[in-house]
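Data block below; observations after.
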Amino acid sequence: MRHEQPNHCGDHAVFGHDLQDEGDPEVEFNPGIAGRLPRKNVAAGVLIRDGAGRVLFISPTYKPFLDIPGGLTEDEESPRAACYREVREELGIDLQIGGLLLIDWMPTHGVWRDSIQLIFDGGVLSDEQILAIRPATDEVGRFEFLYADAAKQRLRPSMARRVEVAHRALLDGSVQYAEFGRTV
């Protein structure tokens, strides 16, 4: 089975050679096993700040809590490419996405199965970039810059923990691993 070209952020020529060098896909040692293995959703978000160090939060039109820009990856889309796409869709700007700050595992909750949540560094926006933001009205009611502590009461508890850990990683130059927003 052949898939469309993956959407990724690496060098396309190098990626193509790497994929070719990988050789033929493995043959299933147990027919149908790949379809029976668990699947996880992957979501990627971006920690974007203003010059005062406040974090950009969005008010999604479809949920009562604040969130950071980002969302689920699509099939054959890398997490970083999902960040570029989501920032463009939600905020109407193109942004340079920096390094990975956090890998967080989320357990099944309600209709959502367990997932891997990634947060990347979205950098510091200039005043001009902030003025260029045009929220997608079907997805984002508004956006605002808040210090993480001030936003805590308006975030889901797991997101508040995730933002706190990602912000700490940003400040100390690390990449953190967490489960349900708590480092382990």
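In table form, for the structure just shown:
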| item | result |
| --- | --- |
| Protection proxy ranking of 118-130, 145-157 - average other beta-carbon atoms within 10 Å, highest first | 118-130, 145-157 |
| Distance between region 154-179 and region 90-106 - C-alpha centres, whole angstrom | 13 Å |
| Intensity falloff of the chain expressed as log10 I(q)/I(0), Debye formula with alpha-carbon point scatterers, at q = 0.09, 0.14 Å⁻¹ | -0.37, -0.83 |
| Amide H contacts of Glu77 (H built 1.01 Å from N, under 5 Å, at least 5 apart or other chain) | Asn7 |
| Antiparallel DSSP beta bridges within region 40-183, as percent of all bridges there, nearest 5 | 60 percent |
| Among 35-43, 171-179, the order from most to least packed when residues are scored by Cβ within 10 Å on average | 171-179, 35-43 |
| Helix 12-21 axis, angle to the chain major axis (alpha carbon atoms, nearest 10°) | 30 degrees |
| Rounded tilt (10° steps) of 79-91 against the dominant C-alpha axis of the chain | 40 degrees |
| Relative contact order (%) - criterion: Cα under 8 Å, at least six apart; region: the chain | 25 percent |
| Dipole magnitude of region 40-183 about its Cα centre (Cβ charges: Lys, Arg +1; Asp, Glu -1), debye to nearest 20 | 540 debye |
| In order through region 158-168: 3J(HN,Hα) via Karplus (6.51 cos²θ - 1.76 cosθ + 1.60), integer Hz, x for Gly, Pro | 5, 5, 4, 5, 4, 5, 4, 5, 5, 5, 4 |
| Estimated distance in nm for a label pair at Val184 and Tyr147, the labels positioned 7 Å out from Cα along Cα-to-Cβ | 3.2 nm |
| Amide H partners (placed H, <5 Å) of Gly181, local residues excluded | Trp105 |
| Among 85-93, 44-52, the order from most to least packed when residues are scored by Cβ within 10 Å on average | 44-52, 85-93 |
| Residues Thr108 and Ser174, FRET efficiency given R0 of 41 Å [Cβ-Cβ distance, rounded to 0.05] | 0.90 |
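Since every read-out is calculated from the coordinates, none of them should be taken as a lab result. Owing to the predicted nature of the structure, the values given are computational and were not obtained by experimental measurement. For neighbour counting, all protein chains shown are included, and Cβ atoms are generated from backbone atoms with ideal geometry for every residue, glycine included.
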